[in-house]
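Q: First, the structure itself, so that you have it in front of you.
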Amino acid sequence: MALSSSIINQIIQQEVLLDDLSDDDLASFCQTANLTYRTGKPIVSDQDYDFIYLPALKQRLPHHPLLQSIEPEGQGFSEEKVLLPEIMLSTDKAYSWEEISKWIERLEKSAVEIDLELSLIQIKATPKLDGFAGFDDGTRLYTRGDGKKGSDITRVFDRGLHVYNDSERGQGAGEIMVKKSYFEVFLSQDYEYPRNFQASLIKEKALDIKAQQAILDKAALFVPFTQLPTWLGGINELSNQFERIVENVLSTVDFDVDGVVLEVTNDDLKIQMGANRKFHRWQIAFKENKDKAQVKVLSVTPQVGRTGKITPVVELEPTLLSGATIVRATGHHYGLVKEQGLGSGSVIELIRSGLVIPKINQVLKSAPVDIPEICPSCGEKLQWKSDFLMCPNHSICPAQVIGKMEYFFKILANNNGFGIATIEKLYEHGIRKVSQIYALSIDDLNIMDFGEKTCTNLVNQLKRSTSEQIEDWRFLAAFGVARMGTGNCENLLKSYPINTIFELNLEQVSTIDGFATLTAQMIVTGLDSIQSEFELLSQYHFNLELTPLQKYLAKFTHSLSGKKIIFTGKMSGSREEMKKHAKSIGIQVVSSVSAKTDYLVIGEKVGQKKIESAEKFGVEILTETDYLALIKLQITKK
């Protein structure tokens, strides 16, 4: 569902906070931001997109299509799409040394699998250009498009565009760029960003005089990646001198860069690591944002969360930081506000170093603080609970009631449309519980002034959320009981079926591994508080995938228990169901053959590479029949 322009503007201006966006609204905003960026008219800065919105989308919806496939260039290319000479994938991104370290670990693991000495792994580092990607085969120039098909924009060369370093054409992938120094002197008054100018070079319309002059001055260029300055070295050198290497590489070109691309040069290792639909696994881009600023605090506003915790939202003097205007940040909790003197007139150090949101690093100048005494949502007298200021009015406080309902749909994650705006509108019309939402009809929603199409969509999404299978632990976690996140819910349901949990006492819960007495007490109390709502919602017969009980798993023994297994080829039933069942009975399902793999289970039409890898590492190969016999399982044929 596309966002309205007013909602988009509220998000850009931070009038709607990131945490207040539903998963669908966040995804829609990211898609809009990505599209406008690729057409040369970005609605948010590249830094905001990379360091705020995209990481948030990755955290909430890691399998969203925007993260799994190559983004098309967007509007403005009316030409018929043609196949690219080579597939042009995107580049995976890392925002911290920790993420780069994990990438190196994957390199090392793959090297071991092909018997490549770690000391022989060669890494290349080049600047990551922030331009317009294309592919030059020597005859034609293509846009990257969706990675497989792009548009023919050879007209850019016909207009006189040169290749970087006066080198020849036909060097493959690269980007259309404008020199940074030239842009600042001659173009910055007419174009807001270099990307706006770069996009203008590509469009079908005739070039303006300044664009023609930039081409004539060889300031606008096609830069093949093969022409970029390069650092070469091993893994140890990269690890020991990472910051210096990054700093040096970033300063090697007179173009806008937004990171450093690291890639393996060993051909065998590249083949072993391969690629997914979006990027090569042997390549990664490091993007870092170290900017910080001293900022004056205008006010501190209390905000009520679904659990009753009062979060101080710090309103800031508008400050440009990393290409974005920051107007607010979280103060975390009122204990911190009181301790550090975070009040109107105080001065803070604000940073954005690869974080999802701007962060108050420290208070540089304290000021008198204003600690609220009553809840801004319901007027109830607030209470201190350790460092946290809490509203105890859990059942009636509007902010808490709305937050709990929105949280249910967010955790369920199998529906669209029930973001904060929808929930607030439902609340205005007397809806106070999730069970009341599921009882709504199209006529009910029409009376609440939802549009005709929206009414139908919302009712269909409610039906979808009950029919699509979800894990029982996810369903239980959606009720938002304290200390009952998805992990604890799964742990609980490994010991007791979901239809019996409301009968449990403190002793029974506290004997579950990982549940201390205090946690057990909070769980028992919390379960009691949601029982009636749970029973009401159970009437809608949600399609729950039940967690296998640990006591039954313990009794189920077979020769494959604890073994690492790969399933490949066409099976008689669903391969995904086979994987799911294997995990439920203690088998470790892995995705690639290595020396640590125990068995390769094959169906029909198996790729020869998998067989060869299994033979190379001495992995035992089982047919589907052999596997089923070992675990004494029958899969229903479909």
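Q: Out of contact with any Ser or Thr (no Cβ under 7 Å at 6 or more places or on another chain), in a strand (DSSP E or B), at negative phi and not acidic (Asp, Glu): is that true of LEU316 in this structure? Working first, answer last.
A: Numbers: out of contact with any Ser or Thr (no Cβ under 7 Å at 6 or more places or on another chain): yes; in a strand (DSSP E or B): yes; at negative phi: yes; not acidic (Asp, Glu): yes.
Yes, satisfied.
Q: Now for a separate question. Can you name the residue in the stretch 492-526 that is surrounded by fewer than 16 Cβ atoms within 10 Å (Cβ to Cβ) and aliphatic (A, V, I, L, M) and is also nearest to ASN543 (Cα to Cα) among such residues?
A: In this case the residue turns out to be LEU506.
Q: Then there is this: Based on this model, can you work out whether SER584 counts as polar (S, T, N, Q) and surrounded by 18 or more Cβ atoms within 10 Å (Cβ to Cβ)?
A: Working: polar (S, T, N, Q): yes; surrounded by 18 or more Cβ atoms within 10 Å (Cβ to Cβ): no.
Spelling it out, it is not the case that SER584 is polar (S, T, N, Q) and surrounded by 18 or more Cβ atoms within 10 Å (Cβ to Cβ).
Q: Identify, from the list GLU168, GLU247, GLU192, GLU175, the residue that is assigned to a loop (DSSP other than H, G, I, E, B) and within 30 Å of the chain's Cα centre (by Cα). Break it down into steps so the answer makes sense when it comes.
A: Working: GLU168 fails: within 30 Å of the chain's Cα centre (by Cα); GLU247 fails: assigned to a loop (DSSP other than H, G, I, E, B); GLU175 fails: assigned to a loop (DSSP other than H, G, I, E, B).
Going through GLU168, GLU247, GLU192, GLU175 in turn, just one is assigned to a loop (DSSP other than H, G, I, E, B) and within 30 Å of the chain's Cα centre (by Cα): GLU192.
Q: Right, something else. Out of all the residues in the stretch 590-608, which are modelled with pLDDT under 80, closer than 23 Å to ILE114 by Cβ and outside any helix (DSSP H, G or I)?
A: Step one: of the stretch 590-608, the residues modelled with pLDDT under 80 are 590-596, 605-608.
Checking the rest, the ones that are also closer than 23 Å to ILE114 by Cβ come to 590-596, 606-608.
Matches in the stretch 590-608: VAL590, SER591, SER592, VAL593, SER594, ALA595, LYS596, VAL606, GLY607.
Q: Going through the stretch 609-625 one residue at a time, which ones are within 24 Å of GLY573 (Cα to Cα) and part of a helix (DSSP H, G or I)?
A: Here is the first cut: in the stretch 609-625, the ones within 24 Å of GLY573 (Cα to Cα) are 609-611, 614, 619-625.
LYS609, LYS610, ILE611, ALA614, GLU624, THR625, listed by residue number.
Q: Ok, one more. If I filter the stretch 562-581 down to residues being of a type in the set (Lys, Arg) and part of a strand (DSSP E or B), which single residue comes out as farthest from ILE611 (Cα to Cα)?
A: This residue is LYS564.
Q: Could you check, for the stretch 468-491, whether at least one of its residues is buried (at least 17 other Cβ atoms within 10 Å of the Cβ) and free of Cβ contacts under 8 Å to residues at least 24 places away in the same chain?
A: Among the residues of the stretch 468-491, at least one is buried (at least 17 other Cβ atoms within 10 Å of the Cβ) and free of Cβ contacts under 8 Å to residues at least 24 places away in the same chain, which makes the answer yes.
Q: Quick one: ARG306 ticks every box in (1) under 21 Å from the mean Cα position of the chain (by Cα); (2) basic (Lys, Arg); (3) buried (at least 17 other Cβ atoms within 10 Å of the Cβ) except a single one, so which number is it?
A: Looking at each condition in turn, ARG306 falls short on (1).
Q: Here's another thing I want to ask about it. Does ASP137 count as surrounded by fewer than 15 Cβ atoms within 10 Å (Cβ to Cβ) and among the charged types (D, E, K, R)? Spell out the reasoning first.
A: Numbers: surrounded by fewer than 15 Cβ atoms within 10 Å (Cβ to Cβ): no; among the charged types (D, E, K, R): yes.
No; evaluated as a whole, the condition is false for this residue.
Q: Same structure again: Just to be sure before I move on: is ARG169 surrounded by fewer than 18 Cβ atoms within 10 Å (Cβ to Cβ), in contact with a helix residue (DSSP H, G or I) (Cβ under 8 Å, 6 or more places away or on another chain) and without any contact (Cβ under 8 Å) to a residue 60 or more places away in the chain in the structure I sent? Write out each step before concluding.
A: Values: surrounded by fewer than 18 Cβ atoms within 10 Å (Cβ to Cβ): yes; in contact with a helix residue (DSSP H, G or I) (Cβ under 8 Å, 6 or more places away or on another chain): yes; without any contact (Cβ under 8 Å) to a residue 60 or more places away in the chain: yes.
Yes; evaluated as a whole, the condition is true for this residue.
Q: Looking only at the stretch 137-170, which residues are under 30 Å from PRO65 (Cα atoms), touching a Phe, Trp or Tyr at 6+ places or on another chain (Cβ under 8 Å) and basic (Lys, Arg)?
A: ARG144
Q: Within the stretch 237-265, track down each residue that is of a type in the set (S, T, N, Q) and free of Cβ contacts under 8 Å to residues at least 24 places away in the same chain. Talk me through it step by step, then tell me what you get.
A: If we filter the stretch 237-265 for residues that are of a type in the set (S, T, N, Q), which is where we start, we get 239-241, 248, 251-252, 265.
Those that are of a type in the set (S, T, N, Q) and free of Cβ contacts under 8 Å to residues at least 24 places away in the same chain: ASN240, GLN241, ASN248, SER251.
Q: Let me ask something else about it. Scan the stretch 510-534 residue by residue and report those that are touching a Phe, Trp or Tyr at 6+ places or on another chain (Cβ under 6 Å) and among the aliphatic types (A, V, I, L, M). Talk me through it step by step, then tell me what you get.
A: Kept after step one, since they are touching a Phe, Trp or Tyr at 6+ places or on another chain (Cβ under 6 Å), are these residues of the stretch 510-534: 527, 530-531.
Hits for the stretch 510-534 are LEU527, ILE530.
Q: Is there a residue in the stretch 276-284 that is surrounded by fewer than 18 Cβ atoms within 10 Å (Cβ to Cβ), within 30 Å of GLY403 (Cβ to Cβ) and not polar (S, T, N, Q)?
A: Within the stretch 276-284 (the criterion being surrounded by fewer than 18 Cβ atoms within 10 Å (Cβ to Cβ), within 30 Å of GLY403 (Cβ to Cβ) and not polar (S, T, N, Q)), the answer is no, since none of the residues qualifies.
Q: Over 28 Å from the mean Cα position of the chain (by Cα), among the small types (Gly, Ala, Ser) and surrounded by 20 or more Cβ atoms within 10 Å (Cβ to Cβ): is that true of GLY331 in this structure?
A: Numbers: over 28 Å from the mean Cα position of the chain (by Cα): no; among the small types (Gly, Ala, Ser): yes; surrounded by 20 or more Cβ atoms within 10 Å (Cβ to Cβ): yes.
Against the criterion (over 28 Å from the mean Cα position of the chain (by Cα), among the small types (Gly, Ala, Ser) and surrounded by 20 or more Cβ atoms within 10 Å (Cβ to Cβ)), GLY331 does not qualify.
Q: Any chance you could count how many residues in the stretch 476-497 are out of contact with any Ser or Thr (no Cβ under 6 Å at 6 or more places or on another chain), within 21 Å of MET405 (Cα to Cα) and in a helix (DSSP H, G or I)?
A: Here the count works out to 5.
Q: Return the only residue of LEU560, LEU544 being under 30 Å from ILE437 (Cα atoms), out of contact with any Gly (no Cβ under 6 Å at 6 or more places or on another chain) and touching a residue at least 40 places away in the same chain (Cβ under 8 Å). Break it down into steps so the answer makes sense when it comes.
A: Working: LEU560 fails: under 30 Å from ILE437 (Cα atoms).
Exactly one of LEU560, LEU544 is under 30 Å from ILE437 (Cα atoms), out of contact with any Gly (no Cβ under 6 Å at 6 or more places or on another chain) and touching a residue at least 40 places away in the same chain (Cβ under 8 Å), namely LEU544.
Q: Right, something else. For the stretch 266-286, enumerate the residues that are in contact (Cβ under 8 Å) with a residue 24 or more places away in the chain and either hydrophobic (A, V, I, L, M, F, W, C) or at positive phi (or both). First the steps, then the outcome.
A: As a first pass, look at the stretch 266-286 and keep what is in contact (Cβ under 8 Å) with a residue 24 or more places away in the chain: 266, 268-269, 272-273, 275-286.
Residues satisfying the conditions are LEU269, MET273, ALA275, PHE279, TRP282, ILE284, ALA285, PHE286.
Q: Using the structure shown, decide if GLY134 is modelled with pLDDT of 90 or more, under 28 Å from VAL246 (Cα atoms) and not in a helix (DSSP H, G or I). Let's see the steps before the verdict.
A: Details: modelled with pLDDT of 90 or more: yes; under 28 Å from VAL246 (Cα atoms): yes; not in a helix (DSSP H, G or I): yes.
The answer is yes for GLY134.
Q: Pull up the stretch 93-134, narrow it to residues that are among the charged types (D, E, K, R) and under 14 Å from LYS270 (Cβ atoms), then point me to the one that is surrounded by the fewest Cβ atoms within 10 Å (Cβ to Cβ). First the steps, then the outcome.
A: Applying the first criterion (among the charged types (D, E, K, R)) to the stretch 93-134 yields 93, 98-99, 102, 105-106, 108-109, 113, 115, 117, 124, 128, 130.
Subsequent filtering for residues that are under 14 Å from LYS270 (Cβ atoms) retains 106, 113, 124.
On the way: ARG106: 13, GLU113: 20, LYS124: 15.
Across the stretch 93-134, the extreme among qualifying residues is ARG106.
Q: If a residue must be in contact with a Ser or Thr (Cβ under 8 Å, 6 or more places away or on another chain) and over 30 Å from LEU342 (Cβ atoms), how many such residues does the stretch 283-303 contain?
A: Looking only at that region, the number is 3.
Every residue, every condition in (1) in contact with a helix residue (DSSP H, G or I) (Cβ under 8 Å, 6 or more places away or on another chain); (2) buried (at least 16 other Cβ atoms within 10 Å of the Cβ); (3) closer than 30 Å to GLU468 by Cα; (4) polar (S, T, N, Q), yes or no:
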{"position": "ASN361", "(1), (2), (3), (4)": "no, no, no, yes"}
{"position": "SER377", "(1), (2), (3), (4)": "yes, yes, no, yes"}
{"position": "GLU380", "(1), (2), (3), (4)": "no, yes, no, no"}
{"position": "LYS385", "(1), (2), (3), (4)": "no, no, no, no"}
{"position": "ILE396", "(1), (2), (3), (4)": "no, no, no, no"}
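Q: Could you give me the residue pairs with C-beta distances under 8 Å whose first residue belongs to the stretch 197-224 and is over 18 Å from THR143 (Cβ atoms) and assigned to a helix (DSSP H, G or I), whose second residue is at pLDDT 85 or above and among the hydroxyl-bearing types (Ser, Thr, Tyr) wherever it lies, and which are 6+ apart or on separate chains?
A: ALA214/TYR182
The values are calculated or read from the model by the stated rules, or taken from the named source; none is laboratory data. Just so it is clear, the structure is predicted and the values come from calculations on it, not from any experiment. Backbone-built Cβ (ideal geometry, glycine too); neighbour counts: all protein chains shown.
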